[in-house]
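Report on the structure given below.
The values are calculated or read from the model by the stated rules, or taken from the named source; none is laboratory data. In this text the structure is predicted, and so the values were computed from the model without any measurement. Every residue, glycine among them, receives a Cβ derived from its backbone with ideal geometry; neighbour counts consider all protein chains shown.
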Amino acid sequence: MGTWDIGPFENDTAADFAYTLDETAQDEREGVVRATLARAIRPRDYLECPEGVEAVAAVALIAAQYPGGEPISTSYGPKGDLPRFADDLRPLAVEVLDRVTAEASELAALWDETPDGPKWRQSISRMRAVLAPKPESQEPLFDL
């Protein structure tokens with residue numbers, strides 16, 4: 001894969017995915033994102049790199065719509081407007097990130113072979129934290 005940075009759209013496959021979204025009718029873009037996530041988590045032994053790359057890009061689009069999510073500011077991301085994604089994509093996106101970083105993921109294996117592997121994993125962890133924030137610890141209402 002032609003990759004120039006750790007960002008979710010900083011590679012050829014994700015840039016192509018963004019172009020596909022731009023060429024898709026506005027009301028069908030969520031369906032493309034949903035199908036991309038589904039391809040990454042359907043049962044099988046090994047997640048190939050292209051599916052993982054597209055899935056990370058799709059998750060980045062979803063995470064960008066939540067508080068703390070990083071906006072997609074690269075020129076390689078989608079240029080067209082995106083719909084407000086349905087909330088049911090949030091847990092699916094978390095599942096995808098877990099799948100992409102698992103041992104049976106070609107994308108994770110490729111990143112782990114590079115000096116930027118830890119930075120890539122940190123960027124994935126940041127997206128995951130936006131999508132599945134840890135509940136705030138609650139103070140007891142009164143002392144016992």
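The numbered conditions (1) surrounded by fewer than 12 Cβ atoms within 10 Å (Cβ to Cβ); (2) charged (D, E, K, R); (3) in contact (Cβ under 8 Å) with a residue 24 or more places away in the chain are all true for E48 except (1).
Looking only at residues in region 73-100 that are buried (at least 20 other Cβ atoms within 10 Å of the Cβ) and of a type in the set (V, I, T), which one is farthest from A25 (Cα to Cα)? Among those residues, the one meeting the criterion is V100.
Going by what's in this entry, would R99 be described as among the charged types (D, E, K, R) and modelled with pLDDT of 95 or more?
For R99, the condition - among the charged types (D, E, K, R) and modelled with pLDDT of 95 or more - is met.
The single condition among (1) surrounded by fewer than 20 Cβ atoms within 10 Å (Cβ to Cβ); (2) farther than 26 Å from A25 by Cβ; (3) among the hydroxyl-bearing types (S, T, Y) that S105 does not satisfy is (1).
Within region 1-24, residues that are without any contact (Cβ under 8 Å) to a residue 40 or more places away in the chain and outside any loop (DSSP other than H, G, I, E, B) reach partners that are exposed (fewer than 14 other Cβ atoms within 10 Å of the Cβ) and of a type outside the set (A, V, I, L, M) with beta carbons closer than 8 Å, at six or more positions or on different chains, in the pairs D12/G2.
Restricting region 38-87 to residues that are part of a loop (DSSP other than H, G, I, E, B) and of a type in the set (V, I, T), which is nearest to S125 (Cα to Cα)?
Restricting attention to region 38-87, the residues satisfying the condition of being part of a loop (DSSP other than H, G, I, E, B) are 42-46, 48, 64-87.
Still in the list and also of a type in the set (V, I, T): 72, 74.
Working: I72: 17, T74: 20 Å.
The qualifying residue nearest to S125 (Cα to Cα) is I72.
Here T36 fulfils each of the conditions (1) in contact with a Gly (Cβ under 7 Å, 6 or more places away or on another chain); (2) crowded, with 19+ Cβ neighbours inside 10 Å apart from (1). Look at (1) at pLDDT 95 or above; (2) touching a helix residue (DSSP H, G or I) at 6+ places or on another chain (Cβ under 8 Å) and you find that I72 fails only one, number (1). For region 113-120, indicate whether the set of residues that are of a type in the set (S, T, N, Q) and surrounded by fewer than 20 Cβ atoms within 10 Å (Cβ to Cβ) is non-empty. Yes. Only a single item in (1) over 15 Å from L107 (Cα atoms); (2) at pLDDT below 95 is not met by M1, and it is number (1).
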